[in-house]
Each structure stands twice: as C-alpha cells, then as structure tokens.
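This report refers to the structure that appears directly beneath it.
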Amino acid sequence: MRGLIGLGCLLACLLSAACTQQPLRSDSLYGQLGGEPGITRIVEGMLLRIAGDPRIVDHFQSVDIQRVRDKLIEKFCAEAGGPCVYTGDSMEESHKGLALTPSDFNALVENLQASMTAEAVPIPTQNRLLARLAPMRGQVIDQ
Ligand code: HEM
C-alpha cells in the first residue's frame, strides 16, 4: 500500500508542471538574473542601448527585432540554466553574412553589461553570464 501511495506521488509529480519545470533556485545564475522577468528586462535594455549605438546599430536596421528579442531571451534563459528551450536558429546560421568583427562583439557585450548594471546585477553575476556567452564568440564573428 505504501508503495502504491509512493508511486501515486511520483506519477502526480511527473505529470505536474512543478516537476517538469526547474525550481527557481536563487543560487542559480537564472535566479540571480531575476528569472525570466529579469532576463527580459536585461535583453530589452541591451537592445535599446544597441539602438542608440552607432558602432553596431546598422546591423539591426532590417531585422525582425521582436523575433531577435524573443530568441535572445530564450537563449540567455537557457544558457543561465533556466527552464527555457531555445527554439531559434544556430549561432552560425543567424549571424551568417553579417561579417561581424571582434569590435562588434565587444560593443554588444558592453551594451549587455550596461543593461545588467542598470538592473543592479552584481558584477560577479554579470561575469558568469558573459562566461557562458564567450564560447559563442567564434560562432558569431566572421560568419
Ligand atoms: C554571444 C553573443 C551573441 C548571441 C548569444 C546572439 C544571439 C542571437 C540570437 C539568439 C539571434 C536570433 C536567432 C534567430 O532569429 O533564430 C540573433 C540574431 C542576430 N544577431 Fe546576434 N548574438 C550575439 C552576438 C551578436 C553581435 C555581436 C551582433 C552584432 C553586433 C549580433 C547581431 C545580430 C543580428 C543583426 C541578428 C538578426 C539576424 C537576422 O534576423 O537576419 N549578434 N543573435
């Protein structure tokens, strides 16, 4: 009987959202960035800064900025260990033909840092997110 109750609890857990979603742990990078609301504000702040950055704004002139916003939120959320699935194109594919340079990459990172600072994200937390994005550098530039 005990075993049956245990099995019932396990099944209930497996079928419930609480079990399929990762817990919002405040010690996870995702939690430290403020979860999905925090990551949304960080991405939007970064894109607003890019819109005013003459070094790189031209790259974004004719893109579907709503889509880029949505996919960036998914990407950052997934990279930070959040419960998101990235559904966008690969990094190589989405930056193909843009001929991005290391300076372009640095400019985007600066805008991301400024956005995180405005959201009061501590520098060590900022650096944890940047460290997870750094391996994508080679997939983004020179494509
Ligand atoms: C680690 C750094 C970067 C990440 C994680 C990243 C992520 C993304 C994502 C998720 C998308 C959307 C993909 C899709 O539509 O399915 C995207 C598109 C785009 N990214 Fe990046 N990106 C990075 C660096 C850059 C840099 C440095 C620039 C330019 C300065 C840039 C310019 C663009 C542009 C213009 C698009 C839209 C392309 C199009 O729709 O044709 N990205 N990026």
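Quick rundown of the values:
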read-out: Sequence of Arg41, Arg128 once ranked by neighbouring C-beta atoms within 10 Å, starting from the fewest; value: Arg128, Arg41
read-out: Around Thr40: net Lys/Arg minus Asp/Glu count, Cβ-Cβ under 12 Å; value: -3
read-out: Inter-site label distance for Asp89 and Arg128 at 7 Å from Cα along Cβ, in nm; value: 3.2
read-out: Where a label projected 7 Å from the Cα of Met136 along Cα→Cβ would reach, residues of segment 70-90 with amide N under 12 Å; value: 70-81, 86-90
read-out: Environment charge at His95 (Cβ cut-off 10 Å; Lys +1, Arg +1, Asp -1, Glu -1); value: -4
read-out: With 10 Å bins from 0: P(r) over segment 25-140, alpha-carbon pairs, percent; value: 13, 49, 33, 4
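Bear in mind these aren't lab numbers, they're just calculated from the coordinates by the rules spelled out. Just so we're clear, the structure is a prediction, and the values are computed from it rather than from any experiment. Here Cβ is always computed from backbone atoms with ideal geometry, including for glycine, and neighbour counts include all displayed protein chains.
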